[in-house]
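Reading through the structure tokens given below for one structure.
Coordinate-derived values only; no laboratory data. Small disclaimer: the values here were computed from a predicted structure and weren't measured. So basically every Cβ, Gly included, is an ideal-geometry build from the backbone, and we count neighbours across all protein chains shown.
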Amino acid sequence: MVSALSNLGSDEGKAKIRAVELAEKKLSDLVTNQTIHLFNALNIKTNFLRTDPSTWETNEEYLSGKKTLGSLKVVNDIAERGVSLISSFNSVLTNQEEQKQFLLQVVEKHRQQYPDPNKKTLQNL
């Protein structure tokens, strides 16, 4: 991964990675020269990256960075918003569980029929 820090990142900015594509990738495939910005944003010194990884466990900069990263709270904001949205939407439409399940099945079928629901894609139908 350290050597991947010299790889050039995507020119497209924030590229979307689908779950299927992600499952086929190694962690080092996701590291580019842009990854260093994470260290900078979290005020983690990167001098330890120039040393042998076997010495990192005794390196103060590494240990400090590891502590910082370990204290971060990971949140899947998109998933949480989606759950909240569907809960609100469901309660507006119906209070009957059978109808809610039917609605979810209709949405799932629609997503299977149109896996890429971009405006441009839908206009070409």
Inset, instruction - Binning at 10 Å from 0, report for the range 29-125 what percent of all alpha-carbon pair distances ends up in each bin. - result: 11, 23, 20, 16, 19, 10, 0
Inset, instruction - With runs of 4+ DSSP H residues as the only contributors, calculate the mean residue ellipticity of the chain at 222 nm using -39,500 (n - 2.57) per run, divided by the residue total and rounded to the nearest 500. - result: -14500 deg cm²/dmol
Inset, instruction - Quickly work out the residue 78-to-residue 101 label distance, labels modelled 7 Å from Cα along the C-beta direction, and quote it in nm with one decimal. - result: 3.0
Inset, instruction - Subtract the Cα-Cα distance of residue 88 and residue 116 from 0.36 nm times their separation in residues, and report this length gain in nm to one decimal. - result: 7.6 nm
Inset, instruction - Could you tell me how many degrees, from 0 to 90 and to the nearest 10, lie between the Cα long axis of helix 97-113 and the main elongation axis, the longest principal axis, of the Cα atoms of the chain? - result: 70
Inset, instruction - Can you tell me the order of 32-43, 57-68 when each peptide is scored by its average per-residue count of other Cβ atoms within 10 angstrom, highest first? - result: 57-68, 32-43
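What's the whole-number percent of alpha carbon pairs in the range 22-84 lying beyond 19 angstrom? Walk me through the intermediate numbers first.
Details: 997 of 1953 pairs.
More than 19 Å apart: 51 percent of the Cα pairs in the range 22-84.
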Inset, instruction - Kindly flag which residue pairs out of 45/67; 45/73; 26/120 have an alpha-carbon separation exceeding 23 Å in this structure. - result: 26/120
Inset, instruction - Among the lysines, select those whose C-alpha is under 19 Å from the C-alpha of residue 109, and discard any that sit fewer than 8 residues away in the same chain. - result: 100, 119
